[in-house]
Amino acid sequence: MAKVKRAARVLAVGVAGACLVGCDRSWVKPTVDVATPAQFKAGNAMEAPPVPDRWVDNFHSNELSMLVDKALSGHLDIAAAIARIEQAEAQAKIMGAPLFPYVELGGSTSRTRTPGTVLFKDPPLQSDGTRQFGASYQSLRSLGLNASYEIDFWGKNRDGADAAERLAEASRYNRSVISLSTVAAVANTYFAMLAAQERLNIAHDNVRIASDVLAVVKKRLAAGVGTSLDLLQQESVLAEQLATIPVLKQTVQQSVNLLSVLVGSPPGSLNIKGGTLSSLRFPAVQAGLPSQLLLRRPDIADAEAVLAASELSVEQARSAMLPSISLTGQYGVASLVLKSMFQPEAIAWKYSGQIAQPLIDGGYLEGMLDVQKGRYAEMLHDYHKQVLVAFSDVDNALIAVKMSAEGEKLQLAAAASSRRAHEAVLKTWQEGSIDILALATSQTRLSQSQDLVAQVRLARLQALVSLYQALGGGWSQSTRAGAQNATAVEVID
């Protein structure tokens, strides 16, 4: 018996050694050099604290904060992301199961009838002196435990379980990405609605001004001072002002409908008061250093986790080409008679070990390894791209914030100049020194200038939202640690 055991050990070592020689697939892991700039081109070279988690509150709009709260609890994309987290955590449990023995309780009962024609060639003599084949009846009952376990000698099962855990972790980061995008979408849509409301108020003011001028033109025409051309010219100005109102009303109503979808409510069920852009606060946002950004973007953390999972999948595919060693065992009781089933003599057990090494598989395992290598290279380049996009997002948002603030300042000055010019032209026209054409031109410039103020202010607010989003929107290392710990707890449970 000892010789048999020694022979088995020698065989296992020999097969493993042959596999290490013949199945070795060297892998030079590709790498990329992610260059981190010292500072953002449009920012200052100084550290900054993370963006606050409730960054939308910095705009000082209670209605916006309420809409964001509703969206975070009711948005369907977030709900779908949560469902994907549950799927990923369940998959991690599945992939981690081979690390533990598989044990099941099994039992069976059977009754067999064996014909006498199978037991005897000729009919046997019966007790009554007759000859007939008859039949034999037999019952068998068994109850016991069956166990199996694959020794994870090469780390194949551990790599698979760790890869699944990294993907579960990535799904949590992806939820943060979707939540951040949802908050930004709510803020941008709300600001667009406020801008449309403000432009609508401006349009109504311009209609009122044009209507007042038209009334004066009609009075002057009736008094024989004006001309029909003056009347037609002013009616044209009024018509142009009225034509802007339906488009702006459409924007307001469609924005409300979009907000309803974002918060998970049917269109028409959301009551939004709105207001003006000028009532909002324009917060100052510090971008910090690019090196800090890498730790504050959930999409970068997502890409890192997927990349780590891909590397583990490569190792798992390499281990699959090596020998697998498994153990099986059975322990229980069996008896033909139920009353003797639980006696010591009814105990039955069996254990065995098995080693298997793939030899000819048509290139399947090697192909799987190549697939995982290619996927790792793909995920590596995706991660590199995500980092570059993150740097670009922040720089672009900083530029937009700076330029839109300057544009708003200049446009406010232009609107003030247009109003003063219009008032001077109106007074001169009333004195009869200029014709109606100059007044119409002045009115058009005033309305356009006021409308541009609202548009530039909207662009500035949306640039701030883009900057908050580019900086991670309140996501930080503590949030990341929470996602990692949550994943680990779920997998253990």
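A few remarks follow.
- Taken per residue, the accessible surface of the chain reaches 56 Å², heavy atoms only and a 1.4 Å probe.
- The chain: angle of helix 228-262 to the longest principal axis, Cα-based, in degrees nearest 10: 20
- Straight-line reach from residue 402: taking Cα to Cα under 16 Å and skipping same-chain neighbours fewer than 8 places apart, the lysines in range are 41.
- Calculated diffusion of the range 171-283, Stokes-Einstein form, Kirkwood radius summed over Cα pairs, 37 °C and 0.692 mPa s, µm²/s: 192
- In Å², nearest 10: area of residue 385 left accessible to a 1.4 Å probe: 130
- Once Rg and the Kirkwood radius are both taken over the C-alpha atoms of the range 104-147, their ratio Rg/Rh works out to 1.30.
- A straight Cα-to-Cα reach below 30 Å connects residue 427 with the lysines 218, 219, 409, residues fewer than 8 places away in its own chain not being considered.
- Mean Cβ neighbour count within 10 Å, used as a protection proxy, ranking 301-307, 440-446 highest first: 301-307, 440-446
- The angle between the Cα long axis of helix 436-470 and the main principal axis of the chain comes to about 30°, on a 0 to 90 degree scale.
- Volume per residue that the Cα convex hull of the range 72-125 spans, once the total is divided by residue count, Å³: 223
- For the chain: Kirkwood Rh in Å [reciprocal of mean 1/r, alpha carbons]: 30.5
- Heavy-atom accessible surface of residue 368, to the nearest 10 Å², is about 80 Å², with a 1.4 Å probe and all protein chains retained.
- Considering only Cα atoms, the convex hull volume of the range 127-193 works out to 288 Å³ per residue.
- If you look at the Cα atoms of the range 266-391, you get an Rg and a Dmax of 30.4, 91 Å.
- Helix-only CD estimate at 222 nm, as mean residue ellipticity for the chain, using -39500 (n - 2.57) per DSSP H run (n ≥ 4): -22000 deg cm²/dmol
- A DSSP coil position with no more than 15 other Cβ atoms inside 10 Å describes none of the trypsin sites (Lys or Arg not before Pro) in the range 55-120.
- Radius of gyration over Kirkwood radius for the range 143-236, both on Cα atoms: the Rg/Rh ratio is 1.75.
- Rounded tilt (10° steps) of 76-96 against the dominant C-alpha axis of the chain: 20
- Measuring nothing but protein heavy atoms, the accessible surface of the chain at 1.4 Å probe radius is 57 percent carbon and sulfur.
- Ordered by solvent-accessible area of protein heavy atoms (1.4 Å probe), largest first, the residues 178, 78 come out as 178, 78.
The values are calculated or read from the model by the stated rules, or taken from the named source; none is laboratory data. Not measured: the values here are computed from a predicted model. As a convention, Cβ positions derive from the backbone with ideal geometry for all residues, glycine included, and neighbour counts pool all protein chains shown. Keep in mind that these areas ignore ligands, DNA and RNA; they rest on the heavy atoms of the full protein, side chains included. Shrake-Rupley method; radii C 1.70, N 1.55, O 1.52, S 1.80 Å.
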